[in-house]
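Structure, as structure tokens:
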Number of protein chains: 2
Amino acid sequence: MSTENRIVLNPIGYVKTKAIGDEIKDKALISQIVVREELVDGLSGISGYSHLFVLFYLNQVTDAQRRTLRVHPRGRVDLPLTGVFAVRTMLRPNPIGLTVVELVSVDGNVLTVKGLDAFDRTPVLDIKPYDRWDLIGNVKVPGWWLKLQEEKKKALQ
Amino acid sequence: MSTENRIVLNPIGYVKTKAIGDEIKDKALISQIVVREELVDGLSGISGYSHLFVLFYLNQVTDAQRRTLRVHPRGRVDLPLTGVFAVRTMLRPNPIGLTVVELVSVDGNVLTVKGLDAFDRTPVLDIKPYDRWDLIGNVKVPGWWLKLQEEKKKALQ
């Protein structure tokens, strides 16, 4: 049965950043992705894109946290208890992070990117170009998501 | 060194579809994602979203294919040889597929989705909501990508 197979992956590189703690949530944060040197040919042509998906392994998530199935979004108990597949929490059975970043520059096996919310030395699993198929018209999100966004807007006013 | 660690994942479920071969590329294709029953609480609140990211394991990719570093997009030799991290080919060191799907319905541990380009019994690694942070303004893509899109448009005329 395919769902019982274990899947083994090796990182293609790792994240390099001086940001610590909540600093990684800053969408203006500049980080590096250092790709393993033997994989450098895999980056050919990547500078043709403005944005990339970065898939990374949340290696600080514990086994107990991987068993979490529902959370309050952003830890806020006034927001509904929500399944981990319905929120972008790092607590999930397979702790893979997915972030769209802006590609700032490419230098050999090192990508400089903007907006990567990953800690220093986080293993990177894959890099994929963001293309126009990924732009969805008419996106629907839950009420709690809109509420949080509204609060952010007010805080900036 | 974190990049040398092996990462072990267990599928959270699998894909169910009658589509075979190139039929999976049809963006109108309806498939199911059957989530492991013990993880059903992880789906709470997911119906609040219109679109999801599905991360799946491309288990038909061979070890030799995982070592491929450059390809011609869509196998077309008239398009530039491009690094695997700069194209959405299934040939990549960690063969993880990433597709944005439309959520059609939720029934217990089964999601019905539209536009999932994965074969029957493909292991699913993660499901994440697509939210408005994932909508990028002003996306730049390479010339070959635009050329392919132009060709598709002409074919439809």
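Structure summary
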{"item": "Helix-only [θ]222 nm of the protein assembly as shown, DSSP H runs n ≥ 4, -39500 (n - 2.57) each, per residue, nearest 500", "result": "-3000 deg cm²/dmol"}
{"item": "Chain A: angle of helix A:143-156 to the longest principal axis, Cα-based, in degrees nearest 10", "result": "80"}
{"item": "Solvent-accessible heavy-atom area per residue, rounded to whole Å², over the protein assembly as shown at 1.4 Å", "result": "49"}
{"item": "Global size of the stretch A:43-157 as Cα Rg and Dmax, reported in angstrom", "result": "16.5, 47"}
{"item": "Cβ-based charge dipole, the stretch B:23-157, positive-most Cα from B:Phe56, B:Val84, B:Val110", "result": "B:Val84"}
{"item": "Inter-probe distance in nm under a simple model that places probes 7 Å from Cα toward Cβ, at B:Ile20 and A:Glu37", "result": "4.8"}
{"item": "Of the trypsin sites (Lys or Arg not before Pro) in the stretch A:1-102, those whose Cβ has at most 10 other Cβ within 10 Å and which sit in DSSP loop", "result": "A:Arg6, A:Lys18"}
{"item": "Solvent-accessible area of A:Thr89 with every protein chain in place, 1.4 Å probe, in Å² to the nearest 10", "result": "30"}
{"item": "Those residues of the stretch A:129-147 whose amide nitrogen sits under 14 Å from the label point placed on B:Ile136, 7 Å along Cα→Cβ", "result": "A:129-136"}
{"item": "Euclidean distance of C-alpha centroids, the stretch A:73-133 and the stretch B:22-42, integer Å", "result": "22"}
{"item": "Solvent exposure, largest accessible area first (probe 1.4 Å, DNA, RNA and ligands not counted), of B:Ser31, B:Ser105", "result": "B:Ser105, B:Ser31"}
{"item": "Interface area, A with B, accessible, probe 1.4 Å, both sides summed, Å² nearest 100", "result": "7300"}
{"item": "Global geometry of the protein assembly as shown, whether rounded, prolate or oblate, following the gyration tensor of its Cα atoms and the 1.5 cut on a/c", "result": "rounded"}
{"item": "Nitroxide proxy distance, nm - points 7 Å out along Cα→Cβ at B:Leu156 and B:Asp120", "result": "2.9"}
{"item": "Dipole axis of the protein assembly as shown (+1 Lys, Arg; -1 Asp, Glu on Cβ), positive-most option in B:Asn138, B:Thr99, A:Gly21", "result": "B:Asn138"}
{"item": "Debye, to nearest 20: dipole size of the stretch B:1-128, +1 on Lys, Arg Cβ, -1 on Asp, Glu Cβ", "result": "500"}
{"item": "Label distances, nm, A:Lys114 versus same residue in remaining copies, Cβ-directed 7 Å point", "result": "3.4"}
{"item": "Average partner coverage of A:117-124, which counts Cβ from other chains inside 10 Å", "result": "2"}
{"item": "Compactness relative to 2.2 N^0.38 Å, alpha carbon Rg of the stretch A:38-103", "result": "1.47"}
{"item": "Charge dipole magnitude, Cβ of K and R +1, D and E -1 - the protein assembly as shown, Cα centre, debye nearest 20", "result": "400"}
{"item": "Nm distances between copies for A:Val8, ranked from closest, using label points 7 Å along Cα→Cβ", "result": "0.9"}
{"item": "B:Glu37 accessible area, assembled protein chains, probe 1.4 Å, Å²", "result": "140"}
{"item": "Proximal lysines relative to A:Lys140, as straight alpha-carbon distance under 23 Å, when same-chain residues fewer than 8 apart are discounted", "result": "A:Lys27, A:Lys152, A:Lys153, A:Lys154, B:Lys27, B:Lys114, B:Lys128"}
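The values are calculated or read from the model by the stated rules, or taken from the named source; none is laboratory data. What you are looking at is a predicted structure, and each value in this text was computed from that prediction instead of being measured. Glycine gets a Cβ as well: all are built from the backbone with ideal geometry, and neighbour counts include every protein chain shown. Heavy atoms of the whole protein, side chains included, go into the accessibility calculation; ligands, DNA and RNA do not. Shrake-Rupley method; radii C 1.70, N 1.55, O 1.52, S 1.80 Å.
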